[in-house]
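First up is the structure itself, then whatever we jot down about it.
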Amino acid sequence: MSGPLVFCGLPLAHPIVNGSGTFDAIAARRVFGDALLEDFPFSAFVSKTVTVEPRRGNPPPRLYEVAAGLINSIGLPNKGLDGYLAHDLPELARLPVPLIVNVMGSTHDEVARLVEAFDERDEVAALELNLSCPNVKTGLLIGTDAGETAALLSHVRPRTAKPLIVKLTPNATDPAAVALAAQEAGADAVSLINTLRGAGADPRTGAPFLGARSGGVSGPAVRAVALGLVYEVARRVRVPIVGMGGVQGGRDAADLLGAGATLVAVGTESFRDPRAGTRVARELAVLEANNLQTAAFRRACRRAVLTSGRA
Ligand SMILES: Cc1cc2nc3c(=O)[nH]c(=O)nc-3n(C[C@H](O)[C@H](O)[C@H](O)COP(=O)(O)O)c2cc1C
């Protein structure tokens, strides 16, 4: 890689971060101890979604395995803003990498409250807005609609100088239009993709298996969708992109970077391999070194041909 990597003003050691809600750094530290801090798998940590009020999440079962991935209907359980500030933030602030807090609200004022609260905290390097939430006034899923997204951004943008990353849902007719609207209303970056809506049938009864009936599909099953949307969004916006969806190895990360992403997030793969972030970053570095060597070799060959042509 040429020169240090900087994303929204944050210098990062490598381009691999985690997908929100897929790596519990607090639980991982309990299991792996301080060794986790010395060899943290990601160059920045994205926390799971925080809402103003505490949420219990969806009724079980909450996970359904599919051939190439997972359907989850976790339902964003969290301690709420006060609980997060009191309990999670002090622990996450000890991580050796910048902290990006993911927030969600169902009204403009709720999101504004979250943004203002985290704006005051030096421990927080950036905010990610999870727009996969219905607007209680219009009933529209905010992130599926360019107008709703622009309106929300216009409301919260003036409330923080911290980088705002807008997380895009693939469950929109035109996610690139939503990305463009977010950029024009002041987003510093976009991240994509969140999960795709899906369901699994109970093999015994044929009824929906998940407690919430449906959930979000992730993992290798959505990789091609993610890559396709990153290509599309990269053609429409100039802000940096965090690409994610089904990344399992360095090759998948390289594909998303090649499509226009600046960072790549590892999500579902971390459930299978908690050190996946480190592995993907290492595999990516090897691929990039090989590519550089290949490019240098091609340049040397071209020079040799040109020189021999002149002789
Ligand atoms: C169990 C689980 C929980 C998730 N929780 C959140 C969340 O709290 N907030 C959010 O914005 N995305 C959440 N996501 C979406 C992921 O961050 C990511 O966008 C998606 O899973 C696609 O990446 P992947 O295929 O690598 O998992 C969750 C995904 C999974 C599988």
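The values are calculated or read from the model by the stated rules, or taken from the named source; none is laboratory data. Quick caveat: nothing in here was measured; it's all calculated off a predicted structure. In this analysis, Cβ positions are derived from the backbone assuming ideal geometry, glycine residues included, and neighbour counts consider all displayed protein chains. Only protein heavy atoms, including side chains, enter the accessible area calculation; ligands, DNA and RNA are left aside. Shrake-Rupley method; radii C 1.70, N 1.55, O 1.52, S 1.80 Å.
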For segment 1-43, using Cα atoms only, the Rg and Dmax in Å read 12.5, 36
Bins of 5 Å, beginning at zero and ending with the bin holding the largest distance: percent of Cα pairs per bin for segment 33-80, please.
5, 16, 15, 14, 17, 22, 11, 1
Roughly speaking, what is the centre-to-centre gap between segment 236-296 and segment 4-26 when only Cα atoms are used, to the nearest Å?
12 Å
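With only alpha-carbon atoms in the gyration tensor, what are the semi-axes of the equivalent ellipsoid for segment 79-163, in Å, largest first?
They are 24, 13, 11 Å, listed from largest to smallest.
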Residues of type aspartates and glutamates that LYS162 reaches as a straight line, Cα spacing below 14 Å, ignoring anything fewer than 8 places off in the same chain
GLU116, ASP119, GLU120, ASP122, GLU123, GLU128, ASP188
Sequence ranges 208-217, 194-203, 88-97, ranked by mean other-Cβ count within 10 angstrom, highest first
208-217, 194-203, 88-97
Computed over segment 11-112, Kirkwood Rh from alpha-carbon pairs, angstrom
15.1 Å
Identify all aspartates and glutamates with a Cα-Cα distance to LYS137 below 20 Å; exclude those on the same chain that are fewer than 8 residues away in sequence.
GLU53, ASP109, GLU110, ASP145, GLU148
Counting every Cα pair in segment 155-311, what percent are over 19 Å apart?
64 percent
Can you send over the carbon and sulfur percentage of the accessible area for segment 99-221, probe radius 1.4 Å, protein chains only?
50 percent
If one takes the longest principal axis of the Cα atoms in the chain, at what angle in degrees, from 0 to 90 and to the nearest 10, does the Cα axis of helix 108-119 lie?
60 degrees
What relative contact order, as a whole-number percentage, does segment 151-261 give when Cα pairs under 8 Å and 6 or more residues apart are counted?
26 percent
Taking the chain and dividing mean pair separation by its residue count, relative contact order in percent (alpha carbons under 8 Å, at least six apart)
18 percent
Between 0 and 90 degrees, rounded to the nearest ten: what's the tilt of helix 223-236 against the longest Cα principal axis of the chain?
80 degrees
With every protein chain left in place, what is the accessible area per residue of segment 4-64 in square angstrom, probe 1.4 Å?
48 Å²
Range of Cα positions in segment 139-244 per principal axis (Å), largest first:
52, 29, 23
Fraction of alpha-carbon pairs over 30 Å apart in the chain - percent:
33 percent
Normalised per residue, the volume inside the convex hull of the alpha-carbon atoms of segment 210-277 in Å³ amounts to 100 Å³
If one computes the Cα centroid of segment 122-170 and of segment 35-62, what distance in Å separates the two points?
19 Å
If the viscosity is 0.890 mPa s and the temperature 25 °C, what Stokes-Einstein diffusion coefficient in µm²/s follows for segment 243-311 when Rh is the Kirkwood radius over Cα pairs?
179 µm²/s
Beta carbons within 10 angstrom, averaged per residue: use that to sort the peptides 219-230, 277-288, highest first.
219-230, 277-288
Could you give the size of the charge dipole of segment 135-282 about its Cα centre, using +1 on the Cβ of each K and R and -1 on the Cβ of each D and E, expressed in debye and rounded to the nearest 20?
320 debye
Longest principal axis of the chain (C-alpha) makes with the long axis of helix 276-310 (C-alpha) an angle, in degrees to the nearest 10, of 30 degrees
Which value, in Å² rounded to 10, gives the accessible area of SER218 with a 1.4 Å probe and all protein chains present?
20 Å²
In whole percent, what relative contact order does segment 181-224 give with Cα contacts below 8 Å and a gap of six or more residues?
32 percent
